1. Using Cα positions and a limit of under 14 Å, work out the aspartates and glutamates in reach of B:Lys183, with same-chain residues fewer than 8 apart set aside.
2. What is the spread of the Cα atoms of the protein assembly as shown along each of their three principal axes, largest first, in whole Å?
3. Applying 1/(1 + (r/R0)^6) with R0 = 25 Å to the Cβ-Cβ distance of A:Thr302 and A:Ser366, what FRET efficiency is obtained, to the nearest 0.05?
4. Read phi for every residue in segment B:225-237 and hand back ³J(HN,Hα) as whole Hz from Karplus 6.51 cos²θ - 1.76 cosθ + 1.60, θ = phi - 60°, with x for Gly and Pro.
5. Based on the Cα coordinates of segment A:234-311, what is the per residue volume of their convex hull in Å³?
6. When only C-alpha pairs under 8 Å and at least 6 residues apart count, what is the relative contact order of chain B, in percent?
7. Full extension from A:Thr384 to A:Ile96: what is 0.36 nm times the residue separation minus their Cα-Cα distance, to one decimal in nm?
8. Based on the Cα atoms of segment B:10-50, what semi-axes does the equivalent ellipsoid have, where each is the square root of 5 times one gyration tensor eigenvalue, given in whole Å with the largest first?
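Derivation of every value follows stated rules applied to the coordinates shown; laboratory data play no part. Only a predicted model underlies this, so the values are computations on that prediction, with no experimental measurement involved. Glycine gets a Cβ as well: all are built from the backbone with ideal geometry, and neighbour counts include every protein chain shown.
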Amino acid sequence: MLTIANQLGLTTSAWQPLGVARTILATMSQVVSASSSYVNLVAQGGYATTAAAMVDSNGNPITTWMDLVSSEVYGNTRIAASPASGVIVFANAQSIPYGPFPIGSLHLKNPLTLATYSNTLSTEQIYGNAGSTIPFNSTVHFAADAAYSGSNGSAIDGTQLVLTTPLAGVTTLPLGTSPGSSSMVGTNAETNQALLTRDQDKLGSISPNGAGSALEYIATTPSIVAAFGAVSATVTRAQEILVQSTGVVTLYIANSAGPSTSPDCTIVQAAEQFWAVPTGMTLQVVPAVTVYIAVRVTIYVTGSAGLIGGINGTASQAVQEFFSLVPVGGLYGSLSTGEVSLSSISAAIQSVAPLFITELQYASPSGPTALAVGQVPVLDPSSTFTVVVVPFA
Amino acid sequence: MSQTPSSTTFRDMVAAISPTWLNGWVGVRYMYSMAIQFDAIGDAAAYAVRARFPDLAPTDAFPYIANDRQIDQGFQESQTSFATRLTQWLDRWAHAGSPFGLLMAVRGYVSPDNCLVATVNNGGVFDFYPVGVVASPTTPPDHLPVQTPNPWIWDSLSWPHLYSSAWWRVWLIIWPSASTWTKTAHTYNDGVSFYGSGPSFTYDWSGTLAMAQNLQALVKKWKSAGTWIPWIIVSFDELAFLPSGGDAYPAGLYGTWTKVVPNGLTNRPLYAYARYQNAAYLDGVS
């Protein structure tokens with residue numbers, strides 16, 4: 001503004017820095033600058049592609065524009081987060097029964113991710129086994145606590161949650177090892193990128209001719225699938241491929257924790273048959289295939305020993321969350337197939353404390369993990385995240 | 001009754017609404033210096049809104065619109081042609097999964113080359129855009145009915161012998177003009193035609209590995225999920241592969257690259273090219 005005023009013949013060099021004339025121009029310049037930034041957002045907000053990539057000054061996603069574009073252009077709304085929940089089986093080796101427990105009074109922890117869970121029903125008890133030394137099994141419903149409301153509260157089959165509410169003689173059984181018990185799946189709110197993919201996939205559903213993107217759109221849109229049954233966990237990822245030798249289209253589906261269950265596949269199959277499968281096409285909806293990736297890493301951080309506990313748990317959560325976003329079949333990088341690259345795992349861990357983590361040393365994996373068609377990565381329960389504090393020099 | 005001053009720019013507006021003491025020699029210039037910034041912001045806002053509309057957008061906005069609308073620009077396509085196709089996105093997507101949708105997309109990729117493009121299925125049914133006919137949602141490809149006998153028997157006499165069972169197969173054939181792609185003299189493993197470390201499907205034509213991969217991605221996007229495209233055939237002979245007959249009919253022998261021919265001199269088999277040589281056979285998608 002000062003330059004323009006000068007070009008118009010005003011003697012701006014004579015204006016004092018704190019004088020009225022310059023102060024007004026300086027103030028207005030800041031207003032114009034802010035307006036310019038807003039116009040930039042207006043331009044970016046016009047495209048789903050750029051709206052999906054918007055972040056604030058701290059690097060956090062801006063969802064406002066993407067929500068608008070998705071809703072107004074594609075008719076899609078963002079899928080909300082849902083906490084992990086499920087049934088835990090307790091073995092009580094004593095004759096003493098425990099409970100019933102008021103809601104939220106019985107607590108568990110995932111030893112790998114440090115996520116915590118609380119009971120959700122007030123009527124359940126952990127029964128004893130009077131007159132016998134054989135442990136008695138009881139089931140109690142749990143959900144992840146609010147701090148772990150998304151995929152960071154997920155616990156896969158084989159995970160043995162530990163009691164943080166002391167109950168003598170009581171242990172939990174690993175998930176998936178008893179009838180009624182299975183992995184607990186939490187789902188994050190749909191990311192901008194996932195929403196963009198669903199927007200693009202929706203285009204395929206305009207046609208009645210069985211475009212592959214239509215199949216993926218139907219499977220990953222809960223509002224459509226819900227009309228055909230209640231899935232145990234929202235389908236967040238899908239990949240279709242034609243089996244050349246049979247002509248059968250196979251649709252692999254997964255939730256944020258890993259492969260969807262067979263009953264969930266049945267529900268999605270019904271939705272696909274109703275909405276997306278044309279005459280002559282044979283579609284088979286199947287669970288994606290698990291590829292366990294054991295991440296054994298030593299994390300070197302600068303700072304105090306107090307950082308250890310926090311980084312340990314959040315690092316495994318960060319990797320778990322990253323795995324929950326990897327498309328079925330993987331991402332394309334250095335391999336000829338899909339993959340999960342080591343650098344992307346490192347980026348997930350680094351994001352936990354970028355200012356403090358100085359080095360990562362992996363015992364496993366040693367490089368990119370190849371994913372074939374239909375495969376999704378799952379964090380192996382044997383993973384270890386060891387934090388080593390390096391004092392400030 | 002007072003009347004609000006009418007103006008088309010902030011510069012005019014400032015002059016119109018400023019009191020007399022601010023409209024002197026200094027005041028006018030001072031206010032102008034600020035108002036012109038708001039005019040610039042206003043213009044920028046207008047351009048920001050227009051930038052989402054293909055017909056009004058600057059060309060550097062096209063990649064974003066293209067990704068939003070899942071319409072891919074051809075490697076030699078003009079911006080005007082691409083803008084037109086971008087505005088047709090919903091009408092084009094309405095045909096996804098059909099020969100119509102696939103052939104429109106392929107024509108877009110080779111635009112402005114309005115060359116002959118066709119799909120032919122395992123039963124020998126052709127859909128095609130003739131040379132010069134502009135592909136658009138209002139102009140479907142020509143469709144030939146079933147021909148008897150089937151002129152397109154790919155592998156009834158050669159491995160893998162899928163002709164009698166794999167009815168879900170469809171071949172895409174492109175007859176590019178010389179300005180688009182040409183036949184190259186390179187052959188497999190001659191040290192020239194093997195581009196990078198990717199699949200060895202770029203010899204025999206002047207296209208690049210990226211073009212082949214883009215074509216594959218395009219076909220994957222626009223074909224029906226239930227269709228297997230075993231090969232994308234780029235024919236450099238305008239008389240080859242035609243539904244009306246001519247050169248290069250598979251005759252059941254195209255399953256493998258070679259075929260055995262009679263050897264009049266010895267009992268040893270003599271191998272010859274099974275497939276018509278004046279064409280490139282790019283890996284398809286399933």
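1. Within the straight-line cut-off, B:Lys183 pairs with B:Asp204, B:Asp237, B:Glu238.
2. 104, 94, 60 Å, listed from the longest principal axis down.
3. Details: r = 26 Å, r/R0 = 1.03.
E(calc), rounded to 0.05, equals 0.45.
4. Going residue by residue, I get 4, x, 10, 9, 9, x, 9, 9, 9, 9, 9, 9, 10 Hz, with x marking Gly and Pro.
5. Values: hull volume 11.1 nm³, N = 78.
Measuring per residue, one finds 142 Å³ for the Cα hull of segment A:234-311.
6. On the way: 467 pairs, mean separation 41.9, N = 286.
Across chain B, relative contact order equals 15 percent.
7. On the way: separation 288, 0.36 × 288 = 103.68 nm, distance 3.59 nm.
The A:Thr384-A:Ile96 span can extend by a further 100.1 nm.
8. Numbers: eigenvalues 125, 16, 4 Å².
In descending order, the three semi-axes are 25, 9, 5 Å.
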